[in-house]
Structure formats: C-alpha cells, structure tokens
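Let me begin by presenting the structure, written as structure tokens, before commenting on it.
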Amino acid sequence: MGGIRALAVAASSESSSLSGAVAFYPSVFHNYPLFSAAIAFALAQSIKVFTTWYKERRWDAKQLIGSGGMPSSHSATVTALAVAIGLQDGFGGSIFAAAMIVACVVMHDAFGVRLHAGRQAEVLNQIVFELPLEHPLANTRPLRELLGHTPLQVCRMP
C-alpha cells in the first residue's frame with residue numbers, strides 16, 4: 001500500500017513540474033517586450049545587408065551577425081525593449097526606468113568605447129601591414145575595425 005502511495009505522489013509531482021514547463025512556453029511567446037526586442041534586432045541586422053549592398057554594390061551575408069555599421073542593432077534592440085516595457089507597464093514605472101538606463105548605457109558604449117576601439121584597430125592594422133615580412137607579427141590576422149557606431153548611426157532609426 002505504501003508503494004502505491006509513493007508512486008501516486010511521484011506521479012503528482014511529475015505532472016506539476018511538467019505543467020510548469022508547458023506553461024513557460026506560452027508565457028515566453030506573450031512577452032511583448034522580449035518579442036519586440038528580438039524583432040528589432042533581427043530587422044536591424046537584416047537591413048545591414050541591404051545598406052552594404054546599396055553602398056558597396058555587393059551582398060555581404062556576414063552583416064547578419066556582425067557588429068557595427070548602420071543601423072545599430074544594439075540601439076534598436078534596447079530602444080524597442082524600453083518602449084515595449086513603457087507601453088505595457090507604463091512609462092512611470094521603475095522597470096521602464098531601468099530599461100531606459102540600460103538603453104542609454106548601451107548606446108553610449110556603442111558610439112564611445114566601441115567606436116574608439118575600432119579606430120585603434122584600424123591604426124594597429126596599418127602598423128602591422130607596414131612591418132617587414134621577417135617580423136614575428138607581420139603575419140598576424142587583422143583586427144576587426146568595425147566595432148562601434150557614430151552618434152548618428154546610434155540615434156538614427158531604420
């Protein structure tokens with residue numbers, strides 16, 4: 001009799017943990033701030049492929065996963081997240097305030113630290129290019145130069 005009771009308790013516990021996992025999936029798909037941030041990121045990254053084609057007349061699929069360039073997917077993502085939180089929970093709430101501060105930090109970083117790191121990479125690549133072939137660093141792989149954004153790229157919407 002004790003074995004049957006233990007089996008019933010185990011089955012009950014199993015079904016409640018399963019129902020919690022099943023309940024998780026619909027709630028993720030109804031999380032509008034998360035969904036809007038993901039859509040904004042995907043759109044911004046996709047637009048980069050077309051802006052590269054427009055400027056350079058070549059298709060570059062690497063733009064789908066690359067950072068830097070126009071439009072800023074980082075800025076689009078955090079802006080969409082903050083606006084969606086504001087629309088859903090109100091613009092006077094503390095969650096919107098936190099999202100807004102995070103958005104400002106991310107955008108400042110995009111046109112501050114990351115932009116200057118890209119410019120330093122450009123200078124270092126030029127220095128390495130000018131090294132004699134026998135120098136140990138002459139064959140190093142170039143650093144990525146397109147890391148950040150100009151302030152216009154951060155503020156401009158696609």
Notebook entry, point to check: What length, rounded to one decimal in nm, is gained on full extension from VAL102 through to PHE50, with 0.36 nm per residue of separation minus their alpha-carbon distance?
Noted result: 15.9 nm
Next item on the list: Provide the gained length on full extension for the span VAL28 to GLU134, in nm with one decimal, where the gain is 0.36 nm per separating residue minus the Cα-Cα distance.
Entry: 32.5 nm
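Values in this text are rule-based calculations from the coordinates and carry no lab data. These numbers were taken from a predicted model, which means no experiment stands behind them.
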